[in-house]
Amino acid sequence: MRAVTLDSVPATPAVTEVDTPRPEAGELLVKVAVSSINGFDAATAAGYLQGMMEHRFPLVVGKDFAGTVEALGEGVDGFEVGQAVFGVVMKPFLGTGSLAEHVTVSAGYGVAPLPDGLSVQEAGALGLAGTAALDSLNFVAPADGETVLISGATGGVGALAVQLAAARGARVIATARPGAEADFVAGLTGTPVHLVDFAGDLPTEVRAFAPGGVDAVRKSTTCRTRSQRLPAAEDLETARQL
């Protein structure tokens, strides 16, 4: 099969021919229709994950996938051949990624049936960023009417976090540069999003919308809990450092 691979790291990925994987017991073989590139993949190619995870070469990169089940490993229940699925490759080593024509994944975690209303194209880019966005919002658990500052709202995780926070009734402040970036973020949800320019006077812009401070700050790597609510000035200084 064709796949995007690395023969070493750091290195530039290339499209090569590798053996089609076979599902082991408890695994699915998925014919990949859509995958996507995440920062994790770039970090892998740059060699940043050496010493953190085992690398098996030729290393097929990629985490997200959407496609159809092509074969079942021994003992698999709950899935059937031909079923549309999506998910994230979650093996404890790097080497059998999803930027390929086929991928094997555990049937027990990291994969789910494709729900009605979600296209294959959307699902193929949802797994990693979607999980990060959902987990971060679940962690801070904003209540209806509370204010959440989301940094990096134009990125994959941030854009999804904006939509999830708005859907929960939170008042959303999102960072975006004026122009195309701001237009993109403003169009993510039918609920108004207060946009602030991270390159400008961020504390003043945030304070104008939330003079009493914000209830949570969601940045690209972590977030603060509601129990760690900061005074307005400190919140704004934190936002400046995002």
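The values are calculated or read from the model by the stated rules, or taken from the named source; none is laboratory data. Predicted, not measured: the structure shown is a model, and the values here were computed from it. Glycine gets a Cβ as well: all are built from the backbone with ideal geometry, and neighbour counts include every protein chain shown.
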| In this structure, does Thr68 turn out to be surrounded by fewer than 22 Cβ atoms within 10 Å (Cβ to Cβ), modelled with pLDDT of 95 or more and of a type in the set (Val, Ile, Thr)? | yes
| task | Name every residue in region 9-23 that is within 27 Å of Ala107 (Cβ to Cβ), surrounded by 12 or more Cβ atoms within 10 Å (Cβ to Cβ) and of a type outside the set (Ser, Thr, Tyr), in order of residue number. | result | Val18, Pro21, Pro23
| task | Could you give me the residue pairs with C-beta distances under 6 Å whose first residue belongs to region 194-211 and is without any contact (Cβ under 8 Å) to a residue 40 or more places away in the chain, whose second residue is of a type in the set (Phe, Trp, Tyr) wherever it lies, and which are 6+ apart or on separate chains? | result | His194/Phe209
| query | Restricting attention to region 95-129, which residues are more than 23 Å from Asp77 (Cα to Cα) and touching a helix residue (DSSP H, G or I) at 6+ places or on another chain (Cβ under 7 Å)? | reply | Leu128, Ala129
| query | So is Ala170 under 23 Å from Gly187 (Cβ atoms), crowded, with 23+ Cβ neighbours inside 10 Å, assigned by TED's automatic domain parsing to the domain that holds Thr191 and in contact with a Pro (Cβ under 9 Å, 6 or more places away or on another chain) or not? | reply | yes
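Matching residues to (1) of a type in the set (A, V, I, L, M, F, W, C); (2) touching a residue at least 24 places away in the same chain (Cβ under 8 Å); (3) assigned to a strand (DSSP E or B); (4) in the same structural domain as Pro113 (by TED's automatic domain parsing):
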position: Ser8; (1), (2), (3), (4): no, yes, no, yes
position: Arg22; (1), (2), (3), (4): no, yes, no, yes
position: Leu28; (1), (2), (3), (4): yes, yes, yes, yes
position: Leu49; (1), (2), (3), (4): yes, yes, no, yes
position: Phe65; (1), (2), (3), (4): yes, yes, yes, yes
position: Glu70; (1), (2), (3), (4): no, yes, yes, yes
position: Val76; (1), (2), (3), (4): yes, yes, no, yes
position: Phe86; (1), (2), (3), (4): yes, yes, yes, yes
| query | When region 32-62 is examined, which residues are found to be aromatic (Phe, Trp, Tyr) and within 16 Å of Ala14 (Cα to Cα)? | reply | Phe57
| task | Please find, within region 132-167, the residue that is surrounded by the most Cβ atoms within 10 Å (Cβ to Cβ) out of those that are within 23 Å of Gly200 (Cβ to Cβ) and among the polar types (S, T, N, Q). | result | Ser151
